[in-house]
Amino acid sequence: MATVKRASLLVDKSYRIGEVDPRMYGSFVEHLGRCVYEGIYEPNHSSADTKGFRQDVANLVRELNVPLIRYPGGNFVSGYRWEDGVGPREKRPQRLDLSWRTLEPNEIGTNEFVEWARSLKAEVNMVVNLGTRGPEEARDLVEYCNHPSRSYFSDLRRSHGYPEPHRIHTWSLGNEMDGPWQIGHKTAYEYGRVACEAAKVMKWVDPHIELVVCGSSSGVMPTFPEWESTVLEEIYEQVDYLSLHSYFGNPENDIKNYLAKSLQMDQYIRSVIATCDFVRAKKRSPKIMNLSFDEWNVWYHSREADTKVEPWIVAPHLLEDVYNFEDALLVGCLLITLLKHADRVRIACLAQLVNVIAPIMTEKNGPAWRQTIFYPFAQASAYGRGTVLVSVVSSPVYDSKDFSNIPCLEAVSVHNEQDSVLTIFAVNRDNKSSLEVECDLRSFNGYKPVEHSVLANPDLKVTNTRDNEAVNPRSAKLPILDEGRMEVILAPLSWNVIRLGK
Ligand code: AHR
(Lines give C-alpha, C1' and ligand atoms only; values in the text may rest on other atoms or scores of the structure.)
Protein backbone atom coordinates (compact mmCIF):
# COMPACT_ATOMS: atom_id res chain seq x y z
CA MET A 1 0.00 0.00 0.00
CA ALA A 2 1.27 3.50 -0.87
CA THR A 3 2.38 5.41 2.21
CA VAL A 4 2.61 9.17 2.77
CA LYS A 5 5.25 11.09 4.68
CA ARG A 6 5.08 14.73 5.66
CA ALA A 7 7.59 17.53 5.02
CA SER A 8 7.51 21.31 5.03
CA LEU A 9 9.02 24.14 3.03
CA LEU A 10 9.19 27.79 4.06
CA VAL A 11 10.04 30.49 1.54
CA ASP A 12 10.03 34.25 2.08
CA LYS A 13 10.72 36.68 -0.75
CA SER A 14 12.90 38.85 1.51
CA TYR A 15 15.33 36.02 2.29
CA ARG A 16 17.51 35.76 -0.77
CA ILE A 17 20.52 33.65 -1.66
CA GLY A 18 21.39 35.48 -4.88
CA GLU A 19 20.48 36.30 -8.45
CA VAL A 20 20.78 33.46 -10.95
CA ASP A 21 23.37 34.33 -13.57
CA PRO A 22 21.82 33.09 -16.87
CA ARG A 23 25.13 31.33 -17.51
CA MET A 24 24.05 28.83 -14.82
CA TYR A 25 22.32 27.05 -17.72
CA GLY A 26 25.41 26.78 -19.87
CA SER A 27 26.41 23.75 -21.90
CA PHE A 28 29.52 22.26 -23.44
CA VAL A 29 30.54 21.17 -26.94
CA GLU A 30 33.82 19.30 -27.31
CA HIS A 31 35.44 17.92 -30.44
CA LEU A 32 34.80 14.44 -29.06
CA GLY A 33 32.96 11.49 -30.54
CA ARG A 34 29.81 12.61 -32.35
CA CYS A 35 29.24 15.87 -30.51
CA VAL A 36 30.32 18.15 -33.36
CA TYR A 37 30.36 15.81 -36.37
CA GLU A 38 26.99 13.97 -36.72
CA GLY A 39 25.82 16.00 -33.73
CA ILE A 40 25.48 19.71 -34.35
CA TYR A 41 27.02 19.44 -37.85
CA GLU A 42 26.09 16.98 -40.58
CA PRO A 43 26.11 18.66 -43.99
CA ASN A 44 24.36 15.76 -45.75
CA HIS A 45 21.50 15.56 -43.26
CA SER A 46 18.04 16.42 -44.61
CA SER A 47 17.63 19.16 -41.99
CA ALA A 48 21.07 20.75 -42.55
CA ASP A 49 21.18 24.47 -43.32
CA THR A 50 23.47 25.96 -45.95
CA LYS A 51 26.37 25.85 -43.47
CA GLY A 52 25.83 22.15 -42.71
CA PHE A 53 24.29 22.54 -39.24
CA ARG A 54 21.41 20.21 -38.40
CA GLN A 55 18.29 22.24 -37.75
CA ASP A 56 16.51 19.44 -35.91
CA VAL A 57 19.36 19.57 -33.38
CA ALA A 58 19.41 23.38 -33.38
CA ASN A 59 15.69 23.41 -32.52
CA LEU A 60 16.24 21.12 -29.54
CA VAL A 61 19.13 23.29 -28.38
CA ARG A 62 16.74 26.27 -28.59
CA GLU A 63 14.35 24.41 -26.27
CA LEU A 64 17.16 24.13 -23.72
CA ASN A 65 17.77 27.88 -23.97
CA VAL A 66 21.50 27.68 -23.20
CA PRO A 67 23.08 31.13 -22.94
CA LEU A 68 26.71 29.92 -22.91
CA ILE A 69 28.55 27.01 -24.54
CA ARG A 70 32.04 25.96 -23.50
CA TYR A 71 34.18 25.03 -26.52
CA PRO A 72 36.26 23.25 -27.97
CA GLY A 73 37.17 21.02 -24.98
CA GLY A 74 37.64 19.31 -22.62
CA ASN A 75 40.67 17.08 -22.92
CA PHE A 76 40.70 17.78 -26.66
CA VAL A 77 41.76 21.38 -26.19
CA SER A 78 45.04 20.45 -24.55
CA GLY A 79 46.46 19.27 -27.89
CA TYR A 80 44.51 21.64 -30.15
CA ARG A 81 46.05 24.13 -32.56
CA TRP A 82 43.30 26.70 -33.10
CA GLU A 83 44.94 27.83 -36.37
CA ASP A 84 44.03 24.42 -37.89
CA GLY A 85 40.33 25.29 -37.69
CA VAL A 86 40.29 28.68 -39.43
CA GLY A 87 40.62 29.75 -43.05
CA PRO A 88 39.83 27.82 -46.23
CA ARG A 89 38.48 24.37 -45.41
CA GLU A 90 40.46 22.62 -48.14
CA LYS A 91 43.68 23.74 -46.47
CA ARG A 92 42.77 22.54 -42.98
CA PRO A 93 44.78 19.54 -41.82
CA GLN A 94 43.36 16.29 -40.47
CA ARG A 95 45.12 15.61 -37.15
CA LEU A 96 45.44 12.86 -34.59
CA ASP A 97 43.59 13.83 -31.44
CA LEU A 98 45.67 12.11 -28.77
CA SER A 99 43.23 12.73 -25.92
CA TRP A 100 40.43 10.60 -27.40
CA ARG A 101 42.53 8.63 -29.97
CA THR A 102 40.41 9.87 -32.88
CA LEU A 103 40.89 11.77 -36.13
CA GLU A 104 40.03 15.47 -36.15
CA PRO A 105 39.17 16.76 -39.66
CA ASN A 106 38.95 20.42 -38.56
CA GLU A 107 35.89 21.07 -40.72
CA ILE A 108 34.46 23.03 -37.83
CA GLY A 109 36.60 25.58 -36.05
CA THR A 110 36.37 28.85 -34.15
CA ASN A 111 34.44 30.94 -36.70
CA GLU A 112 31.86 28.32 -37.65
CA PHE A 113 31.25 27.45 -34.02
CA VAL A 114 30.85 31.04 -32.86
CA GLU A 115 28.42 31.72 -35.73
CA TRP A 116 26.40 28.60 -34.88
CA ALA A 117 26.24 29.42 -31.17
CA ARG A 118 25.21 33.01 -31.86
CA SER A 119 22.44 31.82 -34.17
CA LEU A 120 21.05 30.06 -31.08
CA LYS A 121 21.52 33.17 -28.89
CA ALA A 122 24.37 31.51 -26.99
CA GLU A 123 27.73 33.04 -26.13
CA VAL A 124 30.91 30.98 -26.32
CA ASN A 125 33.11 30.20 -23.33
CA MET A 126 36.33 29.80 -25.32
CA VAL A 127 38.92 27.48 -23.81
CA VAL A 128 42.57 28.05 -24.69
CA ASN A 129 45.17 25.29 -24.86
CA LEU A 130 47.53 25.46 -21.88
CA GLY A 131 48.59 21.82 -22.32
CA THR A 132 50.91 21.81 -25.34
CA ARG A 133 50.74 25.57 -25.86
CA GLY A 134 51.06 28.70 -23.78
CA PRO A 135 50.47 32.43 -23.31
CA GLU A 136 51.51 33.30 -26.86
CA GLU A 137 48.95 31.13 -28.67
CA ALA A 138 46.31 32.15 -26.12
CA ARG A 139 46.83 35.87 -26.73
CA ASP A 140 46.91 35.24 -30.49
CA LEU A 141 43.47 33.64 -30.27
CA VAL A 142 42.08 36.57 -28.24
CA GLU A 143 43.50 38.92 -30.89
CA TYR A 144 42.02 36.79 -33.70
CA CYS A 145 38.58 36.72 -32.08
CA ASN A 146 38.24 40.07 -30.35
CA HIS A 147 40.55 42.69 -31.86
CA PRO A 148 38.76 44.82 -34.47
CA SER A 149 41.47 45.21 -37.17
CA ARG A 150 44.93 46.45 -38.18
CA SER A 151 46.93 43.71 -36.50
CA TYR A 152 48.15 40.39 -37.89
CA PHE A 153 45.56 38.09 -36.29
CA SER A 154 42.58 40.45 -36.50
CA ASP A 155 43.32 41.01 -40.19
CA LEU A 156 43.65 37.24 -40.62
CA ARG A 157 40.12 36.84 -39.23
CA ARG A 158 38.89 39.54 -41.60
CA SER A 159 40.55 37.78 -44.51
CA HIS A 160 38.65 34.62 -43.47
CA GLY A 161 35.36 36.42 -44.02
CA TYR A 162 34.63 37.78 -40.53
CA PRO A 163 35.05 41.57 -40.66
CA GLU A 164 33.50 42.11 -37.22
CA PRO A 165 35.26 40.87 -34.08
CA HIS A 166 33.49 38.02 -32.27
CA ARG A 167 33.73 39.87 -28.95
CA ILE A 168 33.97 36.70 -26.87
CA HIS A 169 33.58 37.63 -23.24
CA THR A 170 34.19 34.42 -21.25
CA TRP A 171 37.52 32.58 -21.65
CA SER A 172 38.92 29.54 -19.86
CA LEU A 173 42.57 28.94 -19.11
CA GLY A 174 43.01 25.31 -20.19
CA ASN A 175 41.20 22.20 -19.03
CA GLU A 176 41.69 19.85 -16.05
CA MET A 177 45.37 20.61 -15.81
CA ASP A 178 45.60 18.66 -12.52
CA GLY A 179 44.79 15.36 -14.26
CA PRO A 180 47.62 12.97 -15.22
CA TRP A 181 45.51 12.05 -18.29
CA GLN A 182 45.73 15.59 -19.56
CA ILE A 183 48.11 16.39 -22.42
CA GLY A 184 50.58 18.78 -20.80
CA HIS A 185 49.56 17.89 -17.22
CA LYS A 186 51.19 20.25 -14.71
CA THR A 187 51.77 20.63 -11.03
CA ALA A 188 49.61 23.27 -9.38
CA TYR A 189 52.52 25.71 -9.20
CA GLU A 190 53.55 25.15 -12.84
CA TYR A 191 49.96 25.65 -13.97
CA GLY A 192 49.36 28.64 -11.70
CA ARG A 193 52.40 30.40 -13.15
CA VAL A 194 51.67 29.73 -16.82
CA ALA A 195 47.97 30.50 -16.41
CA CYS A 196 48.84 33.78 -14.72
CA GLU A 197 51.13 34.82 -17.58
CA ALA A 198 48.50 33.78 -20.15
CA ALA A 199 45.81 35.69 -18.24
CA LYS A 200 47.93 38.84 -18.20
CA VAL A 201 48.56 38.96 -21.93
CA MET A 202 45.02 37.88 -22.84
CA LYS A 203 43.64 40.76 -20.78
CA TRP A 204 46.22 43.12 -22.25
CA VAL A 205 44.83 42.30 -25.71
CA ASP A 206 41.24 42.71 -24.50
CA PRO A 207 40.69 44.12 -20.99
CA HIS A 208 36.94 43.40 -21.17
CA ILE A 209 37.22 39.62 -21.09
CA GLU A 210 36.50 37.44 -18.05
CA LEU A 211 38.68 34.46 -17.21
CA VAL A 212 38.07 31.04 -15.68
CA VAL A 213 41.06 29.28 -14.09
CA CYS A 214 41.17 25.48 -13.66
CA GLY A 215 40.35 24.10 -10.28
CA SER A 216 40.53 20.35 -9.72
CA SER A 217 39.01 17.92 -12.19
CA SER A 218 36.92 16.56 -9.31
CA GLY A 219 36.62 16.83 -5.57
CA VAL A 220 38.08 13.33 -5.16
CA MET A 221 41.45 14.10 -6.75
CA PRO A 222 44.29 13.48 -4.27
CA THR A 223 45.57 17.00 -4.93
CA PHE A 224 42.22 18.61 -4.02
CA PRO A 225 42.01 21.25 -2.46
CA GLU A 226 45.74 21.95 -2.28
CA TRP A 227 45.58 22.47 -6.07
CA GLU A 228 43.03 25.29 -5.75
CA SER A 229 44.96 26.97 -2.98
CA THR A 230 48.33 26.87 -4.82
CA VAL A 231 46.87 27.95 -8.17
CA LEU A 232 44.93 30.83 -6.61
CA GLU A 233 48.04 32.00 -4.74
CA GLU A 234 49.61 32.60 -8.16
CA ILE A 235 46.66 34.04 -10.05
CA TYR A 236 44.00 35.37 -7.66
CA GLU A 237 43.84 38.95 -8.95
CA GLN A 238 44.03 37.99 -12.64
CA VAL A 239 40.94 35.77 -12.87
CA ASP A 240 37.22 35.96 -12.25
CA TYR A 241 36.14 32.34 -11.75
CA LEU A 242 37.58 29.05 -10.51
CA SER A 243 36.32 25.89 -12.24
CA LEU A 244 34.82 22.71 -10.75
CA HIS A 245 34.03 19.42 -12.54
CA SER A 246 32.01 16.40 -11.34
CA TYR A 247 30.43 13.35 -12.88
CA PHE A 248 28.17 10.87 -11.13
CA GLY A 249 26.92 7.35 -11.73
CA ASN A 250 25.01 4.44 -10.26
CA PRO A 251 27.20 1.44 -11.10
CA GLU A 252 26.25 -0.22 -7.79
CA ASN A 253 22.54 0.06 -8.73
CA ASP A 254 21.53 1.57 -5.39
CA ILE A 255 18.90 4.25 -5.93
CA LYS A 256 18.97 5.52 -2.34
CA ASN A 257 22.69 6.12 -2.49
CA TYR A 258 22.59 7.41 -6.07
CA LEU A 259 20.10 10.19 -5.40
CA ALA A 260 22.15 11.31 -2.40
CA LYS A 261 25.16 12.03 -4.62
CA SER A 262 24.05 15.63 -5.04
CA LEU A 263 25.13 16.04 -1.40
CA GLN A 264 28.65 15.24 -2.58
CA MET A 265 28.36 18.08 -5.11
CA ASP A 266 27.13 20.37 -2.34
CA GLN A 267 30.08 19.49 -0.10
CA TYR A 268 32.52 19.98 -2.97
CA ILE A 269 31.15 23.47 -3.70
CA ARG A 270 31.37 24.39 0.00
CA SER A 271 34.98 23.21 0.20
CA VAL A 272 35.96 25.17 -2.92
CA ILE A 273 34.31 28.32 -1.56
CA ALA A 274 36.19 27.86 1.73
CA THR A 275 39.48 27.47 -0.18
CA CYS A 276 38.84 30.59 -2.29
CA ASP A 277 38.00 32.58 0.82
CA PHE A 278 41.11 31.30 2.59
CA VAL A 279 43.32 32.59 -0.24
CA ARG A 280 41.36 35.83 -0.31
CA ALA A 281 42.00 36.28 3.43
CA LYS A 282 45.70 35.51 3.00
CA LYS A 283 45.96 38.07 0.25
CA ARG A 284 43.90 40.69 2.12
CA SER A 285 41.97 40.99 -1.13
CA PRO A 286 38.57 42.67 -1.38
CA LYS A 287 37.77 40.48 -4.38
CA ILE A 288 35.37 37.54 -4.07
CA MET A 289 36.23 34.60 -6.32
CA ASN A 290 33.19 33.17 -8.07
CA LEU A 291 32.82 29.63 -9.36
CA SER A 292 32.31 28.08 -12.79
CA PHE A 293 30.98 24.51 -12.48
CA ASP A 294 31.83 24.01 -16.11
CA GLU A 295 31.48 20.23 -16.36
CA TRP A 296 28.74 18.36 -14.52
CA ASN A 297 26.48 15.44 -15.38
CA VAL A 298 25.89 11.70 -15.08
CA TRP A 299 28.61 9.71 -16.83
CA TYR A 300 29.06 5.97 -16.43
CA HIS A 301 26.77 4.02 -18.79
CA SER A 302 29.17 4.15 -21.73
CA ARG A 303 32.48 3.51 -19.95
CA GLU A 304 32.64 -0.21 -20.80
CA ALA A 305 31.60 0.28 -24.46
CA ASP A 306 34.23 3.00 -24.89
CA THR A 307 37.05 0.56 -24.21
CA LYS A 308 36.05 -1.29 -27.40
CA VAL A 309 35.86 1.67 -29.78
CA GLU A 310 38.19 1.50 -32.77
CA PRO A 311 40.88 4.24 -32.58
CA TRP A 312 41.79 6.84 -35.18
CA ILE A 313 38.48 7.35 -36.92
CA VAL A 314 36.41 10.51 -37.34
CA ALA A 315 33.42 10.85 -34.99
CA PRO A 316 33.31 7.42 -33.31
CA HIS A 317 30.48 6.55 -30.90
CA LEU A 318 32.23 7.67 -27.70
CA LEU A 319 30.71 8.56 -24.31
CA GLU A 320 27.20 7.89 -25.64
CA ASP A 321 25.45 7.42 -22.32
CA VAL A 322 21.81 6.48 -22.77
CA TYR A 323 20.10 8.03 -19.78
CA ASN A 324 17.29 6.49 -17.82
CA PHE A 325 14.65 7.90 -15.52
CA GLU A 326 16.74 7.72 -12.32
CA ASP A 327 19.47 9.76 -14.07
CA ALA A 328 16.91 12.50 -14.71
CA LEU A 329 16.09 12.53 -11.00
CA LEU A 330 19.74 12.93 -10.06
CA VAL A 331 20.18 15.69 -12.65
CA GLY A 332 17.21 17.41 -10.98
CA CYS A 333 18.91 17.14 -7.56
CA LEU A 334 22.16 18.49 -9.06
CA LEU A 335 20.34 21.47 -10.60
CA ILE A 336 18.74 22.26 -7.24
CA THR A 337 22.16 22.06 -5.59
CA LEU A 338 23.72 24.46 -8.10
CA LEU A 339 20.84 26.92 -7.63
CA LYS A 340 21.28 26.82 -3.86
CA HIS A 341 24.79 28.19 -4.46
CA ALA A 342 23.74 30.87 -6.96
CA ASP A 343 25.55 33.52 -4.91
CA ARG A 344 28.92 31.97 -5.84
CA VAL A 345 28.26 29.58 -8.77
CA ARG A 346 27.81 32.07 -11.58
CA ILE A 347 28.57 29.73 -14.50
CA ALA A 348 27.67 26.05 -14.87
CA CYS A 349 27.88 23.88 -17.99
CA LEU A 350 26.01 20.63 -18.40
CA ALA A 351 28.53 18.33 -20.07
CA GLN A 352 27.87 17.93 -22.90
CA LEU A 353 25.23 19.04 -25.44
CA VAL A 354 24.77 16.43 -28.18
CA ASN A 355 25.50 12.66 -28.28
CA VAL A 356 28.46 12.80 -25.87
CA ILE A 357 27.01 12.42 -22.33
CA ALA A 358 24.27 14.67 -23.60
CA PRO A 359 20.61 15.65 -23.28
CA ILE A 360 20.23 15.41 -27.08
CA MET A 361 20.92 12.29 -29.16
CA THR A 362 21.10 11.96 -32.91
CA GLU A 363 21.26 9.27 -35.50
CA LYS A 364 23.34 9.79 -38.62
CA ASN A 365 20.89 10.59 -41.45
CA GLY A 366 18.16 10.03 -38.88
CA PRO A 367 16.22 11.84 -36.18
CA ALA A 368 17.29 13.76 -33.08
CA TRP A 369 15.56 13.24 -29.73
CA ARG A 370 15.46 14.30 -26.09
CA GLN A 371 17.10 12.06 -23.52
CA THR A 372 15.49 11.79 -20.06
CA ILE A 373 17.84 14.38 -18.53
CA PHE A 374 16.73 16.92 -21.14
CA TYR A 375 13.58 17.72 -19.20
CA PRO A 376 14.80 18.78 -15.74
CA PHE A 377 17.48 20.89 -17.43
CA ALA A 378 15.02 22.51 -19.87
CA GLN A 379 12.55 23.28 -17.09
CA ALA A 380 15.19 24.73 -14.78
CA SER A 381 16.54 26.81 -17.65
CA ALA A 382 13.04 28.06 -18.50
CA TYR A 383 11.80 28.82 -14.99
CA GLY A 384 14.88 29.00 -12.77
CA ARG A 385 15.79 32.59 -13.61
CA GLY A 386 15.50 35.36 -11.07
CA THR A 387 16.35 35.35 -7.38
CA VAL A 388 17.05 32.15 -5.51
CA LEU A 389 15.33 32.28 -2.13
CA VAL A 390 16.40 30.59 1.07
CA SER A 391 14.21 27.49 1.14
CA VAL A 392 13.86 26.15 4.67
CA VAL A 393 13.14 22.43 4.38
CA SER A 394 12.05 20.14 7.15
CA SER A 395 11.92 16.58 5.88
CA PRO A 396 12.13 12.96 6.92
CA VAL A 397 15.64 11.64 6.37
CA TYR A 398 17.27 8.32 5.53
CA ASP A 399 20.75 6.82 5.47
CA SER A 400 22.50 5.09 2.57
CA LYS A 401 25.79 3.33 1.92
CA ASP A 402 27.85 6.55 1.68
CA PHE A 403 25.60 9.20 3.23
CA SER A 404 23.56 9.81 6.34
CA ASN A 405 20.69 12.16 7.15
CA ILE A 406 19.65 12.47 3.51
CA PRO A 407 16.49 14.57 3.27
CA CYS A 408 13.72 12.88 1.29
CA LEU A 409 12.73 16.35 0.09
CA GLU A 410 15.28 18.24 -2.02
CA ALA A 411 13.94 21.67 -2.95
CA VAL A 412 14.77 25.21 -3.94
CA SER A 413 12.66 28.22 -4.96
CA VAL A 414 13.35 30.91 -7.51
CA HIS A 415 11.43 34.17 -7.59
CA ASN A 416 11.19 36.01 -10.87
CA GLU A 417 10.08 39.40 -9.57
CA GLN A 418 9.80 40.94 -13.00
CA ASP A 419 7.23 38.37 -14.16
CA SER A 420 5.77 37.84 -10.66
CA VAL A 421 6.40 34.10 -10.78
CA LEU A 422 7.60 31.89 -7.96
CA THR A 423 8.91 28.48 -9.01
CA ILE A 424 9.57 25.61 -6.64
CA PHE A 425 11.81 22.83 -7.91
CA ALA A 426 11.50 19.70 -5.79
CA VAL A 427 12.61 16.08 -5.85
CA ASN A 428 11.09 13.40 -3.65
CA ARG A 429 13.97 10.97 -3.05
CA ASP A 430 11.77 8.47 -1.21
CA ASN A 431 11.24 5.36 -3.30
CA LYS A 432 8.13 4.17 -1.48
CA SER A 433 6.25 7.10 0.00
CA SER A 434 4.62 10.20 -1.39
CA LEU A 435 5.60 13.40 0.36
CA GLU A 436 2.88 15.72 1.52
CA VAL A 437 4.68 19.05 1.63
CA GLU A 438 3.21 21.91 3.58
CA CYS A 439 4.53 25.10 1.96
CA ASP A 440 4.55 28.34 3.95
CA LEU A 441 4.39 31.06 1.28
CA ARG A 442 2.87 33.84 3.35
CA SER A 443 4.99 36.60 1.74
CA PHE A 444 3.50 35.81 -1.68
CA ASN A 445 0.27 37.66 -1.31
CA GLY A 446 -1.88 37.54 -4.44
CA TYR A 447 -0.02 34.59 -5.99
CA LYS A 448 -1.80 31.41 -6.99
CA PRO A 449 -0.60 28.05 -8.36
CA VAL A 450 -0.54 27.96 -12.17
CA GLU A 451 1.27 24.71 -12.88
CA HIS A 452 2.48 21.53 -11.23
CA SER A 453 4.59 19.54 -13.66
CA VAL A 454 5.81 16.06 -12.67
CA LEU A 455 8.44 13.73 -14.04
CA ALA A 456 7.73 10.28 -12.60
CA ASN A 457 7.89 6.72 -13.86
CA PRO A 458 7.44 3.35 -12.18
CA ASP A 459 10.45 2.03 -14.11
CA LEU A 460 13.70 3.62 -12.91
CA LYS A 461 15.61 2.17 -15.85
CA VAL A 462 13.29 3.32 -18.63
CA THR A 463 15.03 5.35 -21.35
CA ASN A 464 13.92 7.62 -24.17
CA THR A 465 14.50 6.33 -27.69
CA ARG A 466 14.30 7.81 -31.17
CA ASP A 467 10.71 6.54 -31.43
CA ASN A 468 9.44 6.96 -27.90
CA GLU A 469 10.16 9.69 -25.36
CA ALA A 470 8.73 7.59 -22.52
CA VAL A 471 10.08 9.96 -19.87
CA ASN A 472 8.57 13.41 -20.21
CA PRO A 473 6.80 15.79 -17.82
CA ARG A 474 3.06 15.53 -17.17
CA SER A 475 0.71 18.00 -15.51
CA ALA A 476 -0.57 17.17 -12.05
CA LYS A 477 -3.61 18.53 -10.23
CA LEU A 478 -2.97 22.09 -9.07
CA PRO A 479 -2.42 22.46 -5.35
CA ILE A 480 -4.55 24.97 -3.41
CA LEU A 481 -3.00 28.01 -1.78
CA ASP A 482 -5.03 29.29 1.12
CA GLU A 483 -3.95 32.14 3.40
CA GLY A 484 -0.31 31.67 2.50
CA ARG A 485 -0.33 27.88 2.99
CA MET A 486 -0.17 25.37 0.20
CA GLU A 487 -0.17 21.61 0.45
CA VAL A 488 1.41 19.76 -2.43
CA ILE A 489 1.81 16.02 -2.93
CA LEU A 490 5.06 14.78 -4.46
CA ALA A 491 4.93 11.26 -5.88
CA PRO A 492 7.63 8.78 -4.78
CA LEU A 493 10.80 9.30 -6.82
CA SER A 494 9.65 12.34 -8.75
CA TRP A 495 10.96 15.65 -10.10
CA ASN A 496 8.44 18.47 -9.67
CA VAL A 497 8.13 22.02 -10.92
CA ILE A 498 5.44 24.04 -9.13
CA ARG A 499 4.82 27.51 -10.46
CA LEU A 500 2.80 30.28 -8.86
CA GLY A 501 1.90 33.54 -10.54
CA LYS A 502 -0.23 36.59 -9.94
O1 AHR B 1 33.33 15.73 -20.80
C2 AHR B 1 34.17 14.65 -21.05
C3 AHR B 1 35.57 14.85 -20.49
O4 AHR B 1 35.50 14.86 -19.09
C5 AHR B 1 36.24 16.15 -20.81
O6 AHR B 1 36.91 16.13 -22.03
C7 AHR B 1 37.21 16.32 -19.69
O8 AHR B 1 37.46 17.66 -19.39
C9 AHR B 1 36.58 15.57 -18.54
O10 AHR B 1 37.47 14.70 -17.96
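The values are calculated or read from the model by the stated rules, or taken from the named source; none is laboratory data. What you see is a predicted model, and the numbers here were worked out from it, not measured in a lab. Neighbour counts run over all protein chains shown; Cβ positions are idealised from the backbone, glycine included. Note: accessible area is taken over every heavy atom of the protein model, side chains too, but ligands, DNA and RNA are not part of it. Shrake-Rupley method; radii C 1.70, N 1.55, O 1.52, S 1.80 Å.
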| message | Below 12 Å, Cα to Cα, which aspartates and glutamates can Lys340 reach? Residues fewer than 8 away in the same chain don't count. | response | Glu19, Asp266, Glu410
| Roughly how tilted is helix 188-205, in degrees to the nearest 10 and between 0 and 90, from the longest Cα axis of the chain? | 70
| message | Averaging over every viewing direction, what projected area does the convex hull of the Cα atoms of region 21-383 cover, in nm²? | response | 16.9
| Farthest toward the dipole's positive end in region 21-383, which of Thr230, Ser285, Thr362, given Cβ charges of +1 (Lys, Arg) and -1 (Asp, Glu) about the Cα centre? | Ser285
| query | Which semi-axes, in whole Å and largest first, does the equivalent ellipsoid of region 134-242 have when worked out from the alpha carbon gyration tensor as the square roots of 5 times its eigenvalues? | reply | 30, 13, 11
| task | Putting +1 on Lys and Arg Cβ atoms and -1 on Asp and Glu Cβ atoms, find which of Ala260, Val20, Cys349 reaches farthest to the positive end of the dipole of the chain. | result | Val20
| Cα centroid separation - region 317-376 against region 233-251, whole Å | 19
| Relative to the longest principal Cα axis of the chain, at what angle does helix 135-146 sit, 0 to 90 degrees, rounded to 10? | 80
| Placed amide H near Glu451: partners under 5 Å, 5+ positions off or other chain | Arg499
| request: For the chain, with all protein chains present and a 1.4 Å probe, just round the carbon and sulfur fraction of the accessible area to a whole percent. | output: 51
| message | Which order do the peptides 143-153, 61-71 come out in when sorted by mean C-beta neighbours inside 10 angstrom, highest first? | response | 61-71, 143-153
| Lys/Arg +1, Asp/Glu -1 at C-beta; the chain dipole; positive extreme among Gly174, Val390, Asn65 | Val390
| query | Roughly how big is the chain's charge dipole about its Cα centre, with Cβ charges of +1 (Lys, Arg) and -1 (Asp, Glu), in debye to the nearest 20? | reply | 760
| message | Cβ neighbours within 10 Å, averaged per peptide: list 434-444, 471-481 in order, most packed at the top. | response | 434-444, 471-481
| query | By DSSP, what percent of the beta bridges with both residues in the chain are antiparallel, rounded to the nearest 5? | reply | 60
| message | Taking the Cα centroid of region 91-113 and of region 1-80, what is the distance between the two, rounded to the nearest whole Å? | response | 22
| How large is the accessible surface per residue of the chain, computed with a 1.4 Å probe and reported in Å² as a whole number? | 39
